Amino acid sequence: MSNSSLKLQCTKCDKKYKLINKLNCECGGILEIVGYDYKRVEYNQKPVKVWDYKDLLPVNETKNIITLAEGLTPLIRAKNLGSKIGLKNLYIKDETRNPTGSFKDRPTSIAISKALELGIKTVILASSGNAATSAAAYAAKGNLECILCIPEDTPVEKVTQARIYGAQINKIQGNYSNSYKKALEYAIKNEWFNVTSTYLNPYSVEGDKVIAYELFNELEAVPDYILVPIGAGPLLHGVFKGFEELRALGLVESLPKMVGVQSEGCCPIVESYEKNQKEVYSWSKTINTLASGINDPLVGYEKDGTFTLDTIYQSNGYAIKSDDKSTMKGLYSLAQNEGIFAEPAGAIGVAGVQQLLKKKRINPEDIVVILVTGHGLKNMKVFK
Ligand SMILES: *Cc1c(COP(=O)(O)O)cnc(C)c1O
Ligand SMILES: [Zn+2]
């Protein structure tokens with residue numbers, strides 16, 4: 001089967017494009033891949049690699065696939081942590097086990113493969129660290145040049161990791177949104193492929209869908225709640241899209257409630273959610289959090305936040321925030337009860353789930369999955 005019927009479609013004006021090096025629509029809207037033939041896809045419930053789902057991913061030729069054996073991460077029944085906090089069916093999806101130590105390897109594998117398919121030689125991206133290290137590794141494997149725009153205060157471990165994989169590193173003054181702007185400028189000027197992991201690149205988000213397939217394969221059920229650390233939120237959106245596809249394939253009937261978790265020190269999406277607003281606005285206050293992996297003020301691409309918030313509303317989920325103290329408590333609790341060491345952004349779902357329990361927004365019997373997104377060794381300065 002081939003994916004030749006796939007198109008990019010604008011989520012705002014519905015305009016369609018071929019699968020080309022196109023970022024947002026001419027109207028400014030976010031582009032999404034449409035046109036998978038769900039009637040003809042044969043779903044494999046026992047994959048041995050992520051790319052066994054090729055028919056559900058936007059790459060045509062097998063020869064273009066660049067993989068480092070990402071994904072198929074363990075789903076761990078968190079009995080110790082669960083009984084401690086009062087949840088009978090708590091699971092951790094341990095994304096720290098990916099090749100470069102974060103879930104970003106999933107979207108990156110798609111983006112770099114697509115770059116090859118489009119005949120592009122250079123990729124560029126803005127990143128708070130994990131997407132940068134991931135792109136650097138996959139670009140190395142795909143023989144592509146990789147140019148990074150990262151905030152000056154990116155954790156040294158992530159910068160070093162990216163440098164060793166051979167990427168060209170540009171440190172940009174100010175917060176993540178400044179790096180985003182720079183990468184966009186360079187990409188347009190030089191016709192490089194922009195693999196920034198917001199909704200800017202419509203291909204990479206598709207990689208996050210496979211988490212939904214993996215959860216379904218193992219649980220043979222739809223979780224009641226999935227907690228996801230969110231920057232702009234493509235991970236959350238991608239996982240939800242994966243469940244929508246499972247429904248289109250006739251494999252599940254219900255959908256999970258998606259819970260986006262942000263840091264109190266930078267939480268533009270949560271702020272709009274708490275006010276019951278539809279639109280998300282950029283974060284204008286100072287950014288002050290240890291969870292650097294999700295510190296995204298969304299300046300200039302506020303619509304990405306709105307798109308994520310819309311997904312949360314559609315799923316009947318929640319957007320919640322955690323202060324650093326609770327985040328770090330959750331991080332230690334995850335390490336000391338389950339043997340999983342995550343960076344603050346990666347562990348923030350643990351604090352999130354405790355908050356939901358306390359507020360009685362979830363029940364002790366609910367099936368709850370926490371996505372733990374990045375490894376603890378990537379940001380050691382936070383442990384004093
Ligand atoms: C990038 C990242 C996230 C957030 O993902 P988005 O899809 O950008 O919202 C969460 N956790 C970690 C560790 C990350 O690196
Ligand atoms: Zn449009």
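The values are calculated or read from the model by the stated rules, or taken from the named source; none is laboratory data. Note that the coordinates shown come from a computational prediction; the quantities given were computed from them, not determined experimentally. We place every Cβ from the backbone using ideal geometry, glycine too, and count neighbours over all the protein chains shown. These area figures cover heavy atoms from the full protein model, side chains too; ligands, DNA and RNA do not enter into them. Shrake-Rupley method; radii C 1.70, N 1.55, O 1.52, S 1.80 Å.
Carbon and sulfur together cover what percent of the accessible area of region 1-86 at a 1.4 Å probe radius?
Details: 2260 of 4780 Å².
Carbon with sulfur: 47 percent of the solvent-accessible area.
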Excluding residues on the same chain fewer than 8 positions from LYS15, give the aspartates and glutamates whose Cα lies under 14 Å from its Cα. GLU26, GLU32
GNM on the chain, C-alpha springs below 10 Å: top fluctuator among VAL59, VAL205, VAL156? VAL156
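Tell me the mean residue ellipticity at 222 nm calculated for the chain from its helices only (DSSP H runs of n ≥ 4, each -39500 (n - 2.57), averaged over every residue, nearest 500). List each step's numbers first, then the result.
On the way: 11 runs with 136 residues, N = 384.
Taken over the chain, the calculation gives -11000 deg cm²/dmol.
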Give the separation of the Cα centroids, region 121-198 to region 350-384, in Å. 28
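In square nanometres, what is one fourth of the surface area of the convex hull spanned by the alpha carbons of the chain? Could you put the intermediate results ahead of the total?
Numbers: hull surface 67.4 nm².
The orientation-averaged projected area of the Cα hull of the chain comes to 16.8 nm².
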Checking a compactness column here: for region 167-271, what do you get for Rg(Cα) / (2.2 N^0.38 Å), N being the number of residues? 1.30
Principal axis dimensions, largest first and in whole angstrom, of region 1-149 by Cα: 51, 39, 33
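Quote the relative contact order of region 1-146 in percent (integer), defining contacts as alpha-carbon pairs under 8 Å separated by 6+ residues. Intermediate results must be reported in sequence, preceding the final value.
Numbers: 206 pairs, mean separation 26.2, N = 146.
18 percent.
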Choose one answer from LYS278, LYS46, LYS141: the residue with the largest mean-square fluctuation in a GNM of the chain with alpha-carbon springs under 10 Å. LYS46
With no solvent term and unit scatterers on the alpha-carbon positions of region 229-371, Debye gives log₁₀ I(q)/I(0) at q = 0.19 Å⁻¹ of -1.15
Probe 1.4 Å, heavy atoms of protein chains only: per residue, the accessible area of the chain in Å² is 41
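Mean separation of Cα pairs under 8 Å and 6+ residues apart, divided by the residue count of the chain: what relative contact order is that in percent?
17
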If I build a Gaussian network model for the chain, linking alpha-carbon pairs within less than 10 angstrom, which residue out of ALA351, ALA136, ALA111 has the largest mean-square fluctuation? ALA351
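How long are the semi-axes of the ellipsoid equivalent to region 289-369, from square roots of 5 times the Cα gyration tensor eigenvalues, in whole Å, largest first?
On the way: eigenvalues 109, 71, 20 Å².
So the three semi-axes of region 289-369 are 23, 19, 10 Å.
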Using +1 on the beta carbon of Lys and Arg, -1 on that of Asp and Glu, and nothing else charged, what's the dipole of region 132-246 about the Cα centre, debye to 20? 620
